[in-house]
Amino acid sequence: METNEGADAEAPNIRVLKAVVIGLGMLIVIGVVALVVGLFWRASKMGEPAAGTVAPPTALSGPVTLPRGAEIAEMTAAGDRVVLRLRLADGSGRLLFIDPRASAVTGQLDLKAD
């Protein structure tokens, strides 16, 4: 005949095992929910520019007058300005700083060789 003493001795072990299984199951569910929320959050931010990036300058709508005989050697964007590096007729150089929103030259820097 079987006694009930063996079953009672195993009951606390089975309760602990059930508690561990339930706890680990809850952790899996919480992890999956966090993963899905993270994916949706990142997907919603995909169209926005990253922090610290500068939007490309808008197109110029007005004329920029260059000195006679000058050539544009290089053009680059610097922050919210467009910078033109000019090669002047006398061999020197000049930087023109242009605000593309206002279509205006905001500054210039003459480059002279020694």
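The values are calculated or read from the model by the stated rules, or taken from the named source; none is laboratory data. Quantities reported herein were computed from a predicted structural model and do not represent experimental measurements. All Cβ positions, glycine included, derive from the backbone under ideal geometry; neighbour counts span all protein chains shown.
In the stretch 73-103, how many are of a type in the set (Asp, Glu) and within 14 Å of Pro63 (Cα to Cα)?
Count: 1.
Pairs meeting the criteria (first residue in the stretch 95-106 and at positive phi and at pLDDT below 80, second residue outside any strand (DSSP E or B) and of a type in the set (Ser, Thr, Tyr), beta carbons under 6 Å, at least 6 apart or on different chains) are Ser103/Ser61. Condition check: at pLDDT 90 or above, out of contact with any Asp or Glu (no Cβ under 7 Å at 6 or more places or on another chain), surrounded by 10 or more Cβ atoms within 10 Å (Cβ to Cβ) and in a helix (DSSP H, G or I). Does Val21 satisfy that? Criteria met by Val21.
Quick one: is Thr65 modelled with pLDDT under 95 and not assigned by TED's automatic domain parsing to the domain that holds Ser92? Answer is no for this residue. Screening Ala34, Ala9 for residues that are among the hydrophobic types (A, V, I, L, M, F, W, C), over 30 Å from Leu95 (Cα atoms), at pLDDT below 70 and part of a helix (DSSP H, G or I) leaves exactly one candidate, Ala9.
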